[in-house]
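The values are calculated or read from the model by the stated rules, or taken from the named source; none is laboratory data. Computed from a prediction, not measured in an experiment: that's the story for all the values here. Glycine also receives a Cβ, built like all others from the backbone with ideal geometry; neighbour counts cover every protein chain displayed. Calculation scope for accessible area: heavy atoms of the full protein, side chains included, ligands and nucleic acids excluded. Shrake-Rupley method; radii C 1.70, N 1.55, O 1.52, S 1.80 Å.
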Amino acid sequence: EGDVICVFSQYGEVVNINLVRDKKTGKSKGFCFLCYEDQRSTILAVDNFNGIKIKGRTIRVDHVANYRPPKESEDWDDVTRALHAKGCGVKTPPHTSSDSLSEDEDVLVKKQKGKECS
C-alpha cells in the first residue's frame, strides 16, 4: 500500500486507498481504488500512469464512477468516514475540457494479469 501511495503522490495528495483483498486468504486481488484530494490529480494520474511498467509489471489506471472506500470498520479514520458519506472529490472544481469528467470520478489501479498492486 505504501508503494502505491508513494508512486501516485507525485500527481497530488492521496487521501484514501482501498487495496482490495481476498476475503478468505487476505491476499491482494491485484487492484486497488485510490482517491485524490483534487480531481485534476486523478486526471493526471490516469493520463500518465495507464500502461506504464512499475517493478516490471504493466499497470492499468482508469477512472471509476464511484470511489469504493474499504468496508466499514472500527479502524476507519475521519477521512475514510467522510469519503464513505460524501464520496470522493466533493471539493474539486469541475473539469473544463470537452471530455468533462464528473467530480466523483476516481482512480482504479489494476495490475494486468492479476499481479499485485504494490
Open item on the list: Return the residues of the range 44-60 that are in a loop (DSSP other than H, G, I, E, B) and in contact (Cβ under 8 Å) with a residue 12 or more places away in the chain; say none if nothing qualifies.
Closed with: N50, K55
TODO: Select from the range 2-15 the residues that are outside any loop (DSSP other than H, G, I, E, B) and in contact (Cβ under 8 Å) with a residue 12 or more places away in the chain and list them in ascending order.
DONE: D3, V4, I5, V7, F8, Y11, V14, V15
- [ ] Would you check if there is a residue in the range 46-63 being at pLDDT 75 or above, farther than 20 Å from D3 by Cβ and open to solvent by less than 30 Å² (accessible area, probe 1.4 Å)?
- [x] no
Task: Members of the range 16-32 found to be assigned to a strand (DSSP E or B) and open to solvent by less than 40 Å² (accessible area, probe 1.4 Å), listed by number - done: N16, I17, N18, L19, V20, S28, G30, C32
- [ ] Would you confirm whether any residue within the range 68-85 is among the hydroxyl-bearing types (S, T, Y) and under 15 Å from F31 (Cβ atoms)?
- [x] no
